[in-house]
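What follows is calculated from the coordinates using simple rules that are stated; it is not laboratory data. Because the structure is predicted, anything quoted here is derived from the model rather than measured. All Cβ positions, glycine included, derive from the backbone under ideal geometry; neighbour counts span all protein chains shown.
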Amino acid sequence: MITVQLHALTKRFRPRDKDAAVHDLTLTMPAGQITVLLGPSGCGKTTTLKMIAGLFHPTSGDITFDGQSVLSLPAEHRGAVMVFQNQLLFPYMTVGENVGFGLMIRRHDKAEIRRRVGAMLERVQLPGVADYRPHQLSGGQQQRVALARALIVEPQVLLLDEPLSNLDAHLRDEMRELLLSLHRQSQITTIMVTHDQQEAVVMADQIALLFAGRLRQVDAPQVFYRRPVDVQTARFFGGVNFIPGTRRDARVETDWGVFPAPEDCGVQGKCLVTIRPEDLQLNGTAPVSIDAQVVSSLYMGTLTRFKLRAGELELTAEGDAASFERFRVGGVVRIGVPADRLWLLPRLIGGGKVQQSLGKRKS
Amino acid sequence: MRSDRVVSPVRRMTTFAASVLIAGAIVLPLFTLVVWSFARGWYFPQLVPQTWSLRAWTYVFSRASQVGRGIAQGAFVALSVTLLSLLVGVPAGRALGLYRFRGKKLVQFLILAPTLVPGIAVIMGIHVVFIRLGLTGTLLGVILVHLIPTTPYVAMVMTGVFANYNPDFEQQARTLGTRPLQVLRYITLPAIAPGVLVAGMFAFIISWEQYLLTLLIGSGQVVTLPVLLFSSAGGGNHAITAALALLLIAPSLLVLFVTARHLTGENVAMGGIR
């Protein structure tokens, strides 16, 4: 098992580019864990992955495997195998030749390759397809062949570029289970890239969130829901309620009243108070409650999502399925705000005013 | 694709007529050549020669005709030219087909330029230079000058091939532990092989049938089939000219059969790598 570390990693594709594709990225990916690089498309996550693989050379910074710099090692000697988003099975080879490619290159003998290919295809639950051509397999099967081709060379680091995004919903669940169970068996340090927050949450031991080539937050998945570092991060994980407030020492003052500030939050002065939609109580009995008008409601099967208006503020709250019948559009509902569910965010992100993003919040 | 569609009788007949016309335009002149090569005397009102003879063919295959030397030198030149123009044209095609870079349009134009400018305009200047360098009358000189028409051709064909090529396959192979030369052998070459084959065969044909450049730079020292053919045609012996012409176009016919599939656009071999 290998610990992968990035030290102030920066990539500019052209020397004169003002904005780097990846900017000053420092990150530790612990041995044997799954780290997910998460971010919207174009945030530099695939670029980072390719730098770890050795396919791109960083403009500055360092990459270490167990403390040893690998920058001078070409891709083929890094022991970091990448599985691309669109599988890239070699079309003029059979499935078996594809899976055995890495062994053939290393000049293993044919009988051994055949044996290991067969065993590997069984591990990815595709026994008996060795003589097929790649195009005879479905997308999900091709994805598993690509995974088998990567795992057969026993990589030290497994790099997955959007491994689930090309698959249908039901195949995605299957593939996710397979990836997790293979990881439990092999304990290979895995770095996965995705733009899908839910995918990241299910797969990751640790999520690194990137925006525009910069690292925003690194934490375990659940922390992103409870304690996001700023509004953009909160939004990316489904946070929608932001209430202006001011923190003075252990108290937060808002239009709704005064709350005790969360103990482990460092934000001071003017701030935004956030609370997740599922934490707002409809007809709640919390000490602090406000009246809000139901603007719209959306029945989602297992829950109901309400858009509410309280004075100047728009809020989103979630209730159970039955609440769809209980709270009608146009009616007024008492919203309880549980103080222990609040979190504070700075009003500024990346030097820009948060107020701007507050303006176009009707998502 | 087309076979499962119902084709109207009118359409089928037009297609048939067109095929006959095209086939006739290619085959009939060839047939005349074959007849000529066996004719001894063939004068105006007669539909077929009065007397037949193998004399032209026995002459062509005799030592005196220099045909053996022509084929050997022509093949040597054409093979060398093919190899060299592939060596230059394949990487050039890769650069033009895969990458975007400053001045790409200019490079593309400069590569195409030799095919736009008449050979005779270029060859005079080159002739003078080659005389100074002592390259006239040598195989090397002829090989170098043949690269002028063949390299742009190879570069153009390979540009098209690489435009449909996905270089991610190479990166995938690299991360699986493949060294650069192995990538070339196991990934790149199998993918572009059909294109390389077509480009190479056409480079061979262009060189094999080159007359003007060979004559001027070869100065009569380098004798290839076109040189023999033109001198024979000038001499007025139709039977020998016809036999030489048949020898000259034999490789072209072979190439036509092999590459017909690619020329019609049904480029199946490349389909998978897109």
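Per-residue mean of foreign Cβ neighbours for B:162-175 is 5 (Cβ atoms of other chains, 10 Å radius).
Shape summary: the protein assembly as shown maps onto an equivalent ellipsoid whose semi-axes, from the alpha-carbon gyration tensor, are 72, 28, 25 Å in decreasing order. If you run the Gaussian network model on chain B, springs between alpha carbon atoms under 10 Å, then out of B:Gln46, B:Gln171, B:Gln73 the most flexible one is B:Gln46. Scattering from the stretch A:4-223 was approximated by placing one identical point on each alpha carbon and applying the Debye formula without solvent; log10 I(q)/I(0) at 0.09, 0.13, 0.14, 0.15 1/Å stands at -0.36, -0.74, -0.86, -0.97.
Dipole orientation for chain B: of the candidates B:Ile71, B:Ala193, B:Val183, B:Val183 has the Cα lying most toward the positive pole (charges on Cβ; Lys, Arg +1; Asp, Glu -1). Comparing B:Val27, B:Val222, B:Val161 in a Gaussian network model of chain B where C-alpha atoms under 10 Å apart are linked, the largest mean-square fluctuation is found at B:Val27. For the stretch B:9-55, the convex hull spanned by the alpha carbon atoms encloses 86 Å³ per residue. Calculated on the alpha-carbon coordinates, the convex hull of the stretch A:109-234 measures out at 128 cubic angstrom per residue. When every alpha-carbon pair in chain B is counted, what percent end up more than 33 Å apart? Summing the P(r) of chain B above 33 Å gives 39 percent of all pairs. According to the calculation over all Cα-Cα pairs in the stretch A:239-359, the P(r) per 10 Å bin from zero is 13, 44, 31, 12, 0 %.
Candidate cross-link partners of A:Lys110 among the aspartates and glutamates, defined by an alpha-carbon separation under 14 Å and a same-chain spacing of 8 or more, comprise A:Glu97. When the trypsin sites (Lys or Arg not before Pro) in the stretch A:1-57 are filtered for DSSP coil states and for at most 10 other beta-carbon atoms within 10 Å of their beta-carbon, the remaining sites are A:Arg16, A:Lys18.
Inter-chain Cβ neighbour count for A:74-87, averaged per residue, equals 4 (cutoff 10 Å, partner chain atoms only).
Pick out which of B:Tyr153, B:Tyr211, B:Tyr43 has the largest mean-square fluctuation in a Gaussian network model of chain B, springs linking Cα atoms closer than 10 Å. The residue with the greatest mean-square fluctuation here is B:Tyr43.
Determine, at each q value in 0.19 (inverse angstroms), the log₁₀ of I(q)/I(0) that the Debye formula gives when each Cα of the stretch A:62-162 is one equal point scatterer. One equal scatterer on each Cα of the stretch A:62-162 leads to -0.91. Can you give me the C-alpha center-to-center distance between the stretch A:43-59 and the stretch A:252-321, rounded to a whole angstrom? A separation of 40 Å, based on Cα centres.
Farthest towards the positive end of the charge dipole of the stretch B:85-215, among the residues B:Leu140, B:Ile126, B:Tyr99, is the Cα of B:Tyr99, using unit charges on the Cβ of Lys, Arg, Asp and Glu. Relative contact order of the stretch B:9-55, taken over Cα pairs closer than 8 Å and 6 or more residues apart, is 24 percent. For peptide B:181-194, the mean count of partner chain Cβ atoms within 10 Å of a residue's Cβ comes to 2. In chain A, helical runs assigned H by DSSP with n ≥ 4 each contribute -39500 (n - 2.57); averaged across all residues and rounded to the nearest 500, the mean residue ellipticity at 222 nm is -7000 deg cm²/dmol.
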